[in-house]
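Scroll down for the structure; my scribbles are underneath it.
The values are calculated or read from the model by the stated rules, or taken from the named source; none is laboratory data. Remember, it's a predicted structure, so these values are computed and weren't measured experimentally. For neighbour counting, all protein chains shown are included, and Cβ atoms are generated from backbone atoms with ideal geometry for every residue, glycine included.
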Amino acid sequence: MPAEAIDPVAILGETFGVATFPGGTRRLSVETRALAARVLGGEYGREMAAADFSLSPEDDALPPELRAARAVRLIAAKAPLCLRIDELLAGAAPLLEATFHQKPVAKVASTSHTTIGFERALREGLSSYRGRIHERRQRAGLDDEQRVFLQAMAECLDAMAVWHARLLAGLDELGLTEVCDRLARVPEAPPETFGEAVQALWFLWEFQRLCGNWSGLGRVDKMLGPYLSRDLAAGTITLAAARELLAHFWIKGAEWIGAKNNHIGSSGDAQFYQNVVIGGMDETGEPVLNEVTYLVLDIVEELHISDFPVAVRVSKQTPDRLWQRIAEAQRLGGGIVSIYNDDVVIPALIDFGYPLAEARNFTNDGCWEVLIPGCTAFSYRPFDLLPPVQHALGLAGEDEPPDDPTFEAVYARFHAEMARLLEGAWQECAGSFSGGQPSPLLSLFVDDCIERARPYQNRGARYSVRSPHAGGMPDAANSLHAIKTLVYEQKRLSLAELVEILRGDWEGHEDLRREVVHDLVLYGNDDDRADAMLRRVYDDYTALCARQPERNGVRMPAGISTFGRELQFRPGRTATPFGARGGDILAPNLSPTPGTDRKGPTAIVNSITKLDFGRLPCGTPLDLKLHPSAVADQGGLAALVGLLRSFVARGGFYLQLDVADAQTLRDAQAHPELYHNLSVRVSGWSARFVTLAPEWQEMIIQRTAQHFTHP
C-alpha cells in the first residue's frame, strides 16, 4: 500500500512509536490527536507547492539586501494563508522551496544552524525594532551599503505587518474569533497572556520558515513559562487548555511531512534544525523549570513528534520529577529527547570567553552545537581524523612502509598531520562571514546587526563563530591503540607488516583480523588503556584548538562531530589496525565504533567521561542506543534515570539517546508502508526511518543496542 493511502489514524494509533510502546498516555483531546494524525500522515505536506509568483524585473535588479527584502514582501502578500478551522494557531509555511533550504522567490540558499532572538522579540514587540532601525538611520557615519541594509530590514518589518493583516482578515472571514483575538496585538506589541505568547512565538518562527530560513526555537519554557504561570494564578487558563495550545504548536511544526521529495532517500526528513531547549537556568542563575517544561515532555510523550527535537538542560541539582519525565519520554524511542549538562557546558563557555550571563543562557544552533542565542552567526568546519593515522602509516601510496622503532614516532607523524589539517581549517574559518546570500529578515532578530548596520552573513552579529569539528576521533584513537598494542607491546608483527596487511584490506589475513576484533578491547568498554589513547588524542586536539580561539574576528570553539559523515568519509578511509575494512561504517561523533562497545551503557558513559569537556566549548554528543527490553519495566526506567544522572555527575557534555531494536528496523526496511512515522535519532535530528537512504538506514541499524547489566 503506497504511503499516500495510509490511514492517518492508523499511523498515529498503530505505527507511530509502536516499535517500542503501543498505547500510551492520553492527555490531549480527541480533536487534537486527530489533527496530529492528519499532519503526521502528510496531509499538509502533500498540499505544498512552489511559489507561483516572482519578482518584477525592477526588484530583481536591486542591490542584494533590498532584492531579498522585496522577495519577503512578495511572499507576505501572495503566499497561501492555509488557515484551518480546527487549528488553534494562525500561520503556515506552504511554499515548497523552503523545504529544500531555499528562499522562495529569491531563489537562493537560506540560513540555518542558528537560533535567532525570539526571546527579545517577544519581550519588546516588533514596534521596538522599528524604533531601533529608525534611530540607527538617523545617526551619521553610515555608508550606502549600510543604508540599504537598514532599509531592507525595515521593509521586512513592513512585510510582516502585511502577513499579519492578511491572517487577521482570513480569520475574521472564517469566524475564528478566539484565534483572531490571540493574534490581534502580537507580535507588534509584547504579549500579555499565554495564548498571545504562544501565537506570537509561532508567528515569529513561522514567518522565518515561510521565507526559507530554518532557525532553532531556543528556550521555549523560559520564554513562555512566565505567561502561563501568571494566567494559571489568575485563573484565566487551565493546564489542560495550555497543553492543547502548545500541542498545536508542535503539530503545526510538522506541516512539512509528506512534502514532495522532502529529503527522501538521503539523511531523512525532519532535518530542519528546529531544536527546542528546555530547563537549565536564566542569566541570573535562577532555575528555569516551570509548567511549560513539563508540558513539552507531555506532548512529546503523547504525540511523539520528532520534528522538534527537545534538548533538556540538566545538572546535579535537577529534581527527581524532571529526571523521571525525561526518561519516560526517552524510552518511547525516536531519540527525540536529549540532555545537556549545565555543570560542564556553562563553565566551558565562560572559559572560552563568553560573559557569565550569556553562558547561562546558552542554547543550540537548531541542531546540537552550543551557542549564545539571538546574537550568534554560526557555522562549522568538519574534517576527518582517521586519515592522519593513515598518513602516519603511509597507507596512501606505494612507498616502502615505515618501520619505526617506537610508537612515539608514529604518534608524532599523526599529531603533525592533525595540526596541519587544523591549520587549514583555521584559515578557512577566518575568512567566514565575509559575504554570502543576504537575509535581512533573519538579521533583524540577531544582535548587533541593527547597531552595526551590517548583516548576519557579514559580521553583523555580536559573535561570528565557525567551529572546527573533528570526526573519526574514536576510530583514530582505536587505530593508534591497536598499533601500540599489536606492534610495540605484543610484538605480534612489525609495523611494516601491518601496513602491508592494511593496504590489502586484510585480505588473506582473516584469522588475524578476527582475532584482533575479538580480543582487542577498544574505547567504550571502561578500559583504562584503550580510553587513555582516546584521552591523549582528545587532549592534543583540544590543546591545538586552544591556540587559535579566534582569528580575524571569527571565534573558533572546538567541537567533535560527524553528523552522519561517517558515510561520507568512507571513500577516503582504508582498512584500520583494529580490524575494520575499508568502507566500513565507523564511529558517530565521539561515540564508540559500532560493534566495539561490549560492556553496556554504563561502561560507555564511564569511558567518555574520562575526558575533560571543559576543553570543548562547542561540544560533542554521545550517541547511545538502548534495546527496548532494557527499559520495558519500572526497573529499566529506574536504570535509565540512573544512567542519565551518572552521565551528568561524571562530567559528560551532551547525550542523545535512542531506544530501538534492529529487528524492528529490518522489518521497516522490508515493509516501509507499515512504519510511516517510526522515528530514529540520526545525529542532531531525528528522522522517520523509512525516509532515510538505505546506507543511512544501515548506519542506524549497526549502532549497538545496549542492555543494562544487573548484578
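Consider the range 359-389 and keep the residues that are among the charged types (D, E, K, R) and within 21 Å of Ile339 (Cβ to Cβ). The one that is modelled with the highest pLDDT is Arg360.
For Val198, the conditions (1) free of Cβ contacts under 8 Å to residues at least 24 places away in the same chain; (2) surrounded by 15 or more Cβ atoms within 10 Å (Cβ to Cβ) are fulfilled apart from (1). Got at least one residue in the range 253-261 being in a helix (DSSP H, G or I), within 20 Å of the chain's Cα centre (by Cα), under 23 Å from Gly42 (Cα atoms) and of a type in the set (A, V, I, L, M)? Scanning the range 253-261, I find no residue that is in a helix (DSSP H, G or I), within 20 Å of the chain's Cα centre (by Cα), under 23 Å from Gly42 (Cα atoms) and of a type in the set (A, V, I, L, M), so the answer is no.
The rows are residues; the columns are (1) surrounded by fewer than 20 Cβ atoms within 10 Å (Cβ to Cβ); (2) part of a loop (DSSP other than H, G, I, E, B); (3) not hydrophobic (A, V, I, L, M, F, W, C).
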{"residue": "Ala639", "(1), (2), (3)": "no, no, no"}
{"residue": "Arg645", "(1), (2), (3)": "yes, no, yes"}
{"residue": "Asp658", "(1), (2), (3)": "no, no, yes"}
{"residue": "Asn677", "(1), (2), (3)": "no, yes, yes"}
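All of (1) more than 20 Å from Gly684 (Cα to Cα); (2) touching an Asp or Glu at 6+ places or on another chain (Cβ under 8 Å) hold for Ala329 with one exception: (1). Put simply, of Ser215, Ser229 the only residue that is in a helix (DSSP H, G or I), at pLDDT 95 or above and among the hydroxyl-bearing types (Ser, Thr, Tyr) is Ser229. So which residues in the range 74-90 are surrounded by fewer than 21 Cβ atoms within 10 Å (Cβ to Cβ) and either in contact with an Asp or Glu (Cβ under 8 Å, 6 or more places away or on another chain) or without any contact (Cβ under 8 Å) to a residue 60 or more places away in the chain (or both)? Lys78, Pro80, Cys82, Arg84, Asp86 - these are the residues of the range 74-90 that are surrounded by fewer than 21 Cβ atoms within 10 Å (Cβ to Cβ) and either in contact with an Asp or Glu (Cβ under 8 Å, 6 or more places away or on another chain) or without any contact (Cβ under 8 Å) to a residue 60 or more places away in the chain (or both). Taking the range 566-623 as the range and being of a type in the set (A, V, I, L, M, F, W, C), part of a loop (DSSP other than H, G, I, E, B), touching a Gly at 6+ places or on another chain (Cβ under 9 Å) and under 30 Å from Gly636 (Cα atoms) as the test, the residues that pass are Leu586, Ala587, Leu611. When the residues of the range 330-344 are narrowed to those that are in contact with a strand residue (DSSP E or B) (Cβ under 6 Å, 6 or more places away or on another chain) and among the hydrophobic types (A, V, I, L, M, F, W, C), which ends up modelled with the lowest pLDDT? Among those that are in contact with a strand residue (DSSP E or B) (Cβ under 6 Å, 6 or more places away or on another chain) and among the hydrophobic types (A, V, I, L, M, F, W, C), it is Ile336.
Close Cβ contacts (under 7 Å, 6 or more residues apart or on different chains) running from residues in the range 134-161 that are acidic (Asp, Glu) to residues that are surrounded by 14 or more Cβ atoms within 10 Å (Cβ to Cβ) and part of a helix (DSSP H, G or I) comprise Glu155/Ala69; Glu155/Arg73; Asp158/Arg73. Of everything in the range 255-285 that is modelled with pLDDT of 95 or more and among the small types (Gly, Ala, Ser), the residue that is nearest to Leu89 (Cα to Cα) is Gly279.
In this structure, Val690 qualifies as of a type in the set (A, V, I, L, M, F, W, C), in contact with a Pro (Cβ under 8 Å, 6 or more places away or on another chain) and farther than 25 Å from Arg321 by Cα. Does any residue of the range 643-657 turn out to be touching a residue at least 60 places away in the same chain (Cβ under 8 Å), hydrophobic (A, V, I, L, M, F, W, C) and more than 30 Å from Pro468 (Cα to Cα)? Checked against the condition, which is being touching a residue at least 60 places away in the same chain (Cβ under 8 Å), hydrophobic (A, V, I, L, M, F, W, C) and more than 30 Å from Pro468 (Cα to Cα), the range 643-657 yields no hits at all. In this entry, Pro319 is excluded by the filter for residues that are within 23 Å of Val465 (Cβ to Cβ), surrounded by fewer than 24 Cβ atoms within 10 Å (Cβ to Cβ) and not hydrophobic (A, V, I, L, M, F, W, C). With respect to being hydroxyl-bearing (Ser, Thr, Tyr) and more than 21 Å from Phe272 (Cβ to Cβ), Ser112 falls outside the description. Report yes if Ala668 is buried (at least 16 other Cβ atoms within 10 Å of the Cβ) and in contact with a His (Cβ under 8 Å, 6 or more places away or on another chain), otherwise no. The answer is no for Ala668. Within the range 445-480, the set of residues being more than 21 Å from Ser112 (Cα to Cα) and among the charged types (D, E, K, R) comprises Glu451, Arg452, Asp475.
Selection of first residues in the range 412-439 that are under 30 Å from Arg70 (Cβ atoms) and modelled with pLDDT of 90 or more and of second residues that are among the hydroxyl-bearing types (Ser, Thr, Tyr) and assigned to a loop (DSSP other than H, G, I, E, B), restricted to Cβ pairs under 8 Å at least 6 apart or on distinct chains, gives the following pairs, ordered by first then second residue: Ser439/Ser110; Ser439/Thr111.
Exactly one residue out of Asp384, Asp404 is under 30 Å from Thr485 (Cα atoms) and in contact with a Phe, Trp or Tyr (Cβ under 6 Å, 6 or more places away or on another chain): that is Asp384. Helices (runs of 4 or more DSSP H) fully within the range 482-556 that include at least 1 residues being at pLDDT 95 or above, surrounded by 15 or more Cβ atoms within 10 Å (Cβ to Cβ) and touching a strand residue (DSSP E or B) at 6+ places or on another chain (Cβ under 9 Å): 528-546. Comparison of Arg38, Arg26, Arg33, Arg73 shows that the only residue that is of a type in the set (D, E, K, R), assigned to a loop (DSSP other than H, G, I, E, B) and either at pLDDT below 95 or under 24 Å from Ala200 (Cα atoms) (or both) is Arg26. Filter the range 124-156 down to residues that are closer than 22 Å to Pro191 by Cα and under 28 Å from the mean Cα position of the chain (by Cα) and give me whichever is surrounded by the most Cβ atoms within 10 Å (Cβ to Cβ). Per the criteria, the residue is Cys156. Looking across Leu295, Leu246, Leu239, one residue alone is hydrophobic (A, V, I, L, M, F, W, C), farther than 21 Å from Val39 by Cβ and either at pLDDT 95 or above or surrounded by 23 or more Cβ atoms within 10 Å (Cβ to Cβ) (or both). It is Leu239.
Listed conditions (1) of a type outside the set (A, V, I, L, M); (2) under 30 Å from Arg688 (Cα atoms); (3) touching a strand residue (DSSP E or B) at 6+ places or on another chain (Cβ under 8 Å); (4) surrounded by 22 or more Cβ atoms within 10 Å (Cβ to Cβ) are all met by Pro382, apart from (4).
For Glu451, only one of the following conditions fails: (1) more than 30 Å from Ala154 (Cα to Cα); (2) surrounded by fewer than 17 Cβ atoms within 10 Å (Cβ to Cβ). What is its number? Only one criterion in (1) more than 30 Å from Ala154 (Cα to Cα); (2) surrounded by fewer than 17 Cβ atoms within 10 Å (Cβ to Cβ) is unmet by Glu451, namely (1).
The condition (being of a type in the set (Asp, Glu) and in contact with a Pro (Cβ under 7 Å, 6 or more places away or on another chain)) is satisfied by just one residue among Asp597, Asp623, Asp633: Asp623. Please tell me if Leu626 is surrounded by 15 or more Cβ atoms within 10 Å (Cβ to Cβ), free of Cβ contacts under 8 Å to residues at least 40 places away in the same chain and within 22 Å of the chain's Cα centre (by Cα). Taking the combined requirement at face value, the residue does not satisfy it.
If you filter the range 94-123 down to residues that are assigned to a helix (DSSP H, G or I) and not charged (D, E, K, R), you find that the one that is surrounded by the most Cβ atoms within 10 Å (Cβ to Cβ) is Ala98.
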